[in-house]
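Enquirer: Handing you a structure now.
The values are calculated or read from the model by the stated rules, or taken from the named source; none is laboratory data. All values reported here derive from a predicted model rather than from experimental measurement. Ideal geometry is used to build each Cβ from the backbone, glycine not excepted, and the neighbour counts take in all protein chains shown. The accessibility values were calculated without ligands, DNA or RNA, using every heavy atom of the protein model including side chains. Shrake-Rupley method; radii C 1.70, N 1.55, O 1.52, S 1.80 Å.
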Amino acid sequence: MERTQKSAAFLTLGCKVNAYETDAMERVMREAGYRIVDFDQEADVYIINTCTVTNMADRKSRQMLHRAKHKNPHALVVAVGCYVQAAKEALKKDECVDLVVGNNQKNQIARMIEEHWKNQEWDGTVLTIQEQNDYERISIEDAGDKTRAYIKVQDGCNQFCSYCIIPFTRGKLRSRSMEDVLLEVELLAEKGYKEVVITGIHLSSYGVDLPEWKEKAPFLQFTELKGEPLLLLLERLSGIEGIHRIRLGSLEPRIITEEFVSRLSKITKVCPHFHLSLQSGCDDTLKRMNRHYTTKEYLEKLEILRKYYKQPAITTDVIVGFPEETEEEFRITRAFLSKAFFAQMHIFKYSVRKGTKAEKMQQVPEPVKAQRSDCLMELESDMEANYRRLFEGTTQEVLLEEPIRIEGKEYWIGHNERYIKIGIEKTKENEALLESNRIVEVVVNNCIKQGILLGKLC
C-alpha cells in the first residue's frame, strides 16, 4: 500500500534572505515527496522560518509556532532559523514545537523531519553557528508566482555592531561560489523570471572569503577589495539572457566609492535603487553603535550615487531610542535625515538583544522611543510622498505583478526600476496587455492613491 502523501506549509518571517531560504526549503520538501500547501490550510507539517532581529520578531515567531500547533494539534511543528539559534533552550521547553532546525541546516530539513517521524523523539541538535566555515549549499528552481526572485549569495557577518544579534545567529562571513549563483539565475531566466534581487546578510562582503580573493584580503575586510567580487558577480549576471533587472539588497555605506559606483553604473541592468544602512544621523550615536563611518562620510556616499544616477531611490534603516540617545542627539538625527532626503526610511525602535554590547548600556524609556519613532514616521511619510512626486508626468518601465481593486476599479500594479509602485487602470482597450511578469511603458499622471502612482500605457 502506498503511503499517503503528506503536506507541508511554510511561513516566512524577517528578511529577504529568509524568503530565499524558504523557497529553497520548499524545493527540498517537494523533492522529498511532500505536497506544499498554504500556511492557513491544515497540514501535516508546519515550517516557520523565524526571525530574531527585534523583540517583536521574537514574539511573532513564538505566536506563529503556537498558531500552527493550534491549527492542527497532530501536525509536526518545525522552528527554523535565527530565533532557533538565539533561543534554542526556550524552544526545547515549548510544547508547541516538535523539531528545531538551525541556520546552516536548512538543506537537511526533509531528512531531519523523516527521522523525527520514525523516532518520535525530540531533536534538540542545533549547530554552533560560529564554528561553521562553509556556505550551506541550498538553491531554488523557481520562486512560486512571484515576478522577481531573491538570490542569496552570502551568509553571516563579521561587523558586530553593538546592537545586533545577527553575527551570533548567522555566524561568520560565508560566500557562495560565483558559478553556483550564475547557474541558478540562468535556470530562473529560462523559466521566465525577468528580475532578480541579490541578497545576503552582509552583501558588501560578498566574495572576500572565496579562495580567489582571500589572498588579497586575508583579514576578510570588504573595504580592502573595494567591492571587486560583488562587481564581478553583477557584471557576469548582467550577461544572462532574459534577465532585465538586477536589484541589490542592503549595502554597507563604506562600499560606495567613486571607483565602485562608476563601474556599477555601467552595468545597465542594475536598478538605481540602493538600500544604504544608516541607523543614526548623529556621529556620537554611530560611534556607540560601532558603525564605521560618520554622517559626513555618509553624505559623501549619497552624493556619489546621485552623481552617477538620476534621482536614484535611496532607502535606509534608522534606529530610534538607541541606548544613551539624548534629545539633542535625536534632534541632530532628524535634521540629518531631512538633509539627506531618502526615497523611503524604515524606522525601528531600539530593541534590547541579549548578549550584545548595547544590552549593558543605559536604556531609553519606552515612551520616549515611541515619541521619537512617531516623529520620524511622520517625516518618512512626507519624504516618501515627495520622492514619488518626482516621477509625475514621466514615462516609466513597469514590471507588472498583480491586479488589485481601488475604490471599485481594477488596477494592475507593478514596480519601476526604482521600486516605486505604479498602477494602471484596467480597461477593455488595454486588458490584453495587462498580465503578470510583463514589462510595459507607462505615462505617470499626477494622481496618487494608497501610496501608488497611477498612469496609462504608452
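Enquirer: For residues that are part of a helix (DSSP H, G or I) and open to solvent by 30 Å² or more (accessible area, probe 1.4 Å), scanning just region 244-259, find the one that is nearest to PHE274 (Cα to Cα).
Expert: Taking region 244-259 as the starting set, the residues that turn out to be part of a helix (DSSP H, G or I) are 253-255, 258-259.
Subset that is open to solvent by 30 Å² or more (accessible area, probe 1.4 Å): 254, 258-259.
Numbers: ARG254: 13, GLU258: 15, GLU259: 16 Å.
Selected residue: ARG254.
Enquirer: Quick one: what pairs do we get from region 174-185, first residue among the aliphatic types (A, V, I, L, M), second open to solvent by 10 Å² or more (accessible area, probe 1.4 Å) and not in a loop (DSSP other than H, G, I, E, B), C-beta under 8 Å, 6+ apart or different chains?
Expert: Going by the 8 Å Cβ cut-off, the qualifying pairs are MET178/LEU232; MET178/ARG236; LEU182/ARG236.
Enquirer: Would it be correct to say that GLN363 is farther than 16 Å from CYS164 by Cα and part of a loop (DSSP other than H, G, I, E, B)? Full working, then the answer.
Expert: Working: farther than 16 Å from CYS164 by Cα: no; part of a loop (DSSP other than H, G, I, E, B): yes.
The answer is no for GLN363.
Enquirer: Determine whether GLU410 is assigned to a strand (DSSP E or B) and open to solvent by 70 Å² or more (accessible area, probe 1.4 Å). I'd like the intermediate steps shown before the answer.
Expert: Values: assigned to a strand (DSSP E or B): yes; open to solvent by 70 Å² or more (accessible area, probe 1.4 Å): no.
So GLU410 fails the test.
Enquirer: Given the conditions (1) crowded, with 19+ Cβ neighbours inside 10 Å; (2) over 22 Å from the mean Cα position of the chain (by Cα); (3) within 30 Å of GLY455 (Cβ to Cβ); (4) not charged (D, E, K, R), which single one is not true for ALA358?
Expert: (3)
Enquirer: Here's a follow-up. Looking only at residues that are of a type in the set (Lys, Arg) and in a strand (DSSP E or B) in region 151-176, which one is farthest from LEU237 (Cα to Cα)? It would help to see each step written out before you state the result.
Expert: Looking only at region 151-176, we keep the residues that are of a type in the set (Lys, Arg), and these are 152, 170, 172, 174, 176.
Add one more test, that the residue is in a strand (DSSP E or B), and what stays is 152, 174.
Numbers: LYS152: 13, ARG174: 20 Å.
Here the residue is ARG174.
Enquirer: Report whether or not LEU434 is in contact with a Gly (Cβ under 8 Å, 6 or more places away or on another chain) and surrounded by 13 or more Cβ atoms within 10 Å (Cβ to Cβ).
Expert: Numbers: in contact with a Gly (Cβ under 8 Å, 6 or more places away or on another chain): no; surrounded by 13 or more Cβ atoms within 10 Å (Cβ to Cβ): yes.
Taking the combined requirement at face value, the residue does not satisfy it.
Enquirer: Tell me, which residue of region 54-96 that is more than 26 Å from the chain's Cα centre (by Cα) and surrounded by 18 or more Cβ atoms within 10 Å (Cβ to Cβ) is nearest to ARG170 (Cα to Cα)? Reasoning before the result, please.
Expert: Filtering region 54-96 down to residues more than 26 Å from the chain's Cα centre (by Cα) leaves 69-76, 89-90, 92-96.
Filter once more, keeping what is surrounded by 18 or more Cβ atoms within 10 Å (Cβ to Cβ): 69, 75-76.
Values: LYS69: 27, ALA75: 28, LEU76: 25 Å.
Once the filter is applied, the top-ranked residue is LEU76.
Enquirer: Criterion first (over 21 Å from the mean Cα position of the chain (by Cα) and within 22 Å of LYS172 (Cα to Cα)) does ALA32 satisfy it?
Expert: On the way: over 21 Å from the mean Cα position of the chain (by Cα): yes; within 22 Å of LYS172 (Cα to Cα): no.
Here the answer is no, as ALA32 does not meet what is asked.
Enquirer: Please pick out the residue among GLU184, GLU241, GLU179 that is at pLDDT 95 or above, assigned to a helix (DSSP H, G or I) and open to solvent by 50 Å² or more (accessible area, probe 1.4 Å).
Expert: Values: GLU184 fails: open to solvent by 50 Å² or more (accessible area, probe 1.4 Å); GLU241 fails: assigned to a helix (DSSP H, G or I).
That would be GLU179, the only listed residue that is at pLDDT 95 or above, assigned to a helix (DSSP H, G or I) and open to solvent by 50 Å² or more (accessible area, probe 1.4 Å).
Enquirer: Does region 13-31 include one or more residues that are at pLDDT below 95, over 29 Å from GLN154 (Cα atoms) and part of a loop (DSSP other than H, G, I, E, B)?
Expert: no
Conditions (1) in contact (Cβ under 8 Å) with a residue 24 or more places away in the chain; (2) more than 18 Å from ARG254 (Cα to Cα); (3) out of contact with any Pro (no Cβ under 6 Å at 6 or more places or on another chain); (4) of a type in the set (A, V, I, L, M, F, W, C), marked per residue:
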| position | (1), (2), (3), (4) |
| --- | --- |
| GLU300 | no, no, yes, no |
| GLU303 | no, no, yes, no |
| ARG306 | no, no, yes, no |
| ILE314 | yes, no, yes, yes |
| ILE319 | yes, yes, yes, yes |
| GLU325 | yes, yes, yes, no |
| ILE332 | yes, yes, yes, yes |
| ALA335 | yes, yes, yes, yes |
| LYS339 | yes, yes, yes, no |
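Enquirer: For ILE347, work out the one condition from (1) part of a strand (DSSP E or B); (2) in contact with a helix residue (DSSP H, G or I) (Cβ under 6 Å, 6 or more places away or on another chain); (3) open to solvent by less than 20 Å² (accessible area, probe 1.4 Å) it doesn't fulfil.
Expert: (3)
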